[in-house]
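Engineer: Take a look at this one; I'll ask things after.
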Amino acid sequence: MAFQVGKARKKYKVFYPTLYALESENKDAKLFNCVQRGHQNSLELMPMFFVLLILGGMGYPCVSAALGLVYIVSRYFYFTGYATGDPKNRLTLGRFGSLALLGLMICTVSFGINLLRP
């Protein structure tokens with residue numbers, strides 16, 4: 001994703017340290033911002049994903065690994081859909097990432113409950 005943002009920076013002439021392009025300054029601002037936002041959103045969710053994957057994996061390693069794979073693949077489709085310039089395209093297959101996170105939350109909570117039982 002970072003490479004795609006780097007390519008988009010060159011293509012749409014949005015240079016560092018500017019995080020998002022302004023539509024008043026760049027006619028392709030929306031296209032660049034969609035690429036940048038898809039990457040940024042993935043970075044924002046990464047800490048929660050890793051924590052849930054590790055903790056859920058301690059109790060349910062196979063289920064957590066499968067959910068982790070679903071999450072990673074869905075993030076790819078989320079990003080590529082978002083990068084088209086139409087934010088609605090991110091949800092085509094990208095919506096399954098939320099379900100994978102929900103499954104990882106259930107694994108983590110179940111693991112925690114099992115730790116508390118005598």
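The values are calculated or read from the model by the stated rules, or taken from the named source; none is laboratory data. On a predicted model such as this, the values are computed, not experimentally measured, just so you know. Note: ideal-geometry Cβ built from the backbone for every residue, glycine included; neighbour counts use all protein chains shown. SASA here: full protein model, heavy atoms, side chains in, ligands and nucleic acids out. Shrake-Rupley method; radii C 1.70, N 1.55, O 1.52, S 1.80 Å.
Engineer: Kirkwood hydrodynamic radius, the chain, all distinct C-alpha pairs: what's the number in Å? Write out the running numbers ahead of the final one.
Structural biologist: On the way: mean 1/r = 0.0644 Å⁻¹.
Roughly 15.5 Å, rounded to one decimal.
Engineer: Could you give the longest part of the chain that holds none of the trypsin sites (Lys or Arg not before Pro) found in DSSP loops with at most 13 neighbouring Cβ atoms within 10 Å? Display every interim value, and only then the final one.
Structural biologist: Numbers: sites that count: K13, K27, R95.
So the longest stretch without any such site is 28-94.
Engineer: Same structure, new question: Quick check on the chain: helices-only [θ] at 222 nm, where DSSP H runs of length 4 and up contribute -39,500 (n - 2.57) each and the sum goes over total residues. Nearest 500, please. Provide the component values of the computation, followed by the final result.
Structural biologist: Values: 5 runs with 89 residues, N = 118.
Computed mean residue ellipticity for the chain: -25500 deg cm²/dmol.
Engineer: Of the heavy-atom accessible surface of the chain (probe 1.4 angstrom), what whole percent is carbon and sulfur? Provide the component values of the computation, followed by the final result.
Structural biologist: On the way: 5370 of 7650 Å².
Accessible surface attributable to carbon and sulfur in the chain totals 70 percent.
Engineer: Does anyone have the angle between helix 2-12 and the longest principal axis of the chain? Alpha-carbon axes, 0 to 90°, nearest 10?
Structural biologist: Between the helix axis and the principal axis of the chain, the angle is about 20 degrees.
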